[in-house]
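The next block holds one structure in the form of C-alpha cells; read it before the comments.
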Amino acid sequence: MQTEEIRDLDKALADIIAIRSQLAAGTAFAGYGPAAIAATAAVALSTTILQYVWLADPTHHPLTFLFGWALAALLSSATILTEMIARSRRHHSGLADAMIHQAVEQFLPSAVAGVLLAIVLWKFAPDQLWLLPGLWQVLVSLGVFASVRSLPRTVAFAGAWYFVAGFTVLLIASQSHALSPWTMGLPFVIGQSLMAAIIHFASGETDAEE
C-alpha cells in the first residue's frame, strides 16, 4: 500500500514539474535586464582598449589575448546571471527557477562549444587561433537565435548582427591571420548595446511601473 502511495506521489510530483516546464516554455522571459547587458558592452569596450594599449602584438601572445577575453566573458556572465536571478524572482515568482533553467539551457550549447573550440585550437592548431574571434561571434548569434522564442522577437536583430559580424571578422582575419582587440571587441560592444536597447524598449513599460 505504501509503495503504491509513493508511486502516486512521484507521479504527481512529475506531473507538477512537467506543468511548470510547459508554463515556463510558454512565458516570455523577463530575467534579462538591460542594465546588466549594457554593462557587458562596457566590459567589452574596456577590454578592447586595455589590450590595444598594453598588448602590443596579440598575434604573438595569443594566450594573453584570449585569457583577457575569457576573463571578460566570465565577468559578463556573472553580471548577467546575478541580475537574471534577481529579476526572475521578481517577475516570475514561483516559475523563476524553471525560467532561469530554460534560459541557461538555451544558451549553454553555444557557450560550451566556444570553450571547447578554443581548447581544441590551442592544443592542436595554435596557428589557427586567429579564427576564434569570428567563430565566437557566430556561436553567440546561434545562442541568441536559440533564445528568441522566450524573448522579444526583435532580439533576432542582435543575433543577425553577431552572425554577420562573425563572418565579416573571419573574412578580415583571413587576410593576415592576425588577432586584434578591435575585431574581437567592437562586434561585442555593438551587439550587447543593441541587445540592451532592444530589451529596454521591450520591457521599459513594465520596469517603469515598478
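Within region 164-201, the only residue that satisfies the criterion of being hydroxyl-bearing (S, T, Y) and outside any helix (DSSP H, G or I) is S180. Taking A146, is it under 17 Å from the mean Cα position of the chain (by Cα), modelled with pLDDT of 95 or more and in a helix (DSSP H, G or I)? Considered against the rule, which asks whether it is under 17 Å from the mean Cα position of the chain (by Cα), modelled with pLDDT of 95 or more and in a helix (DSSP H, G or I), A146 comes out as no. With respect to A30, determine if the residue is in contact (Cβ under 8 Å) with a residue 40 or more places away in the chain, surrounded by fewer than 19 Cβ atoms within 10 Å (Cβ to Cβ) and touching a His at 6+ places or on another chain (Cβ under 9 Å). It is false that A30 is in contact (Cβ under 8 Å) with a residue 40 or more places away in the chain, surrounded by fewer than 19 Cβ atoms within 10 Å (Cβ to Cβ) and touching a His at 6+ places or on another chain (Cβ under 9 Å).
Considering W161, W122, the condition of being surrounded by 18 or more Cβ atoms within 10 Å (Cβ to Cβ), in a helix (DSSP H, G or I) and not acidic (D, E) is satisfied by W161 alone.
The values are calculated or read from the model by the stated rules, or taken from the named source; none is laboratory data. Being a predicted model, the structure only gives us computed values, none of them experimental. Neighbour counts are summed over all protein chains in view; Cβ atoms, including those assigned to glycine, are modelled from backbone coordinates with ideal geometry.
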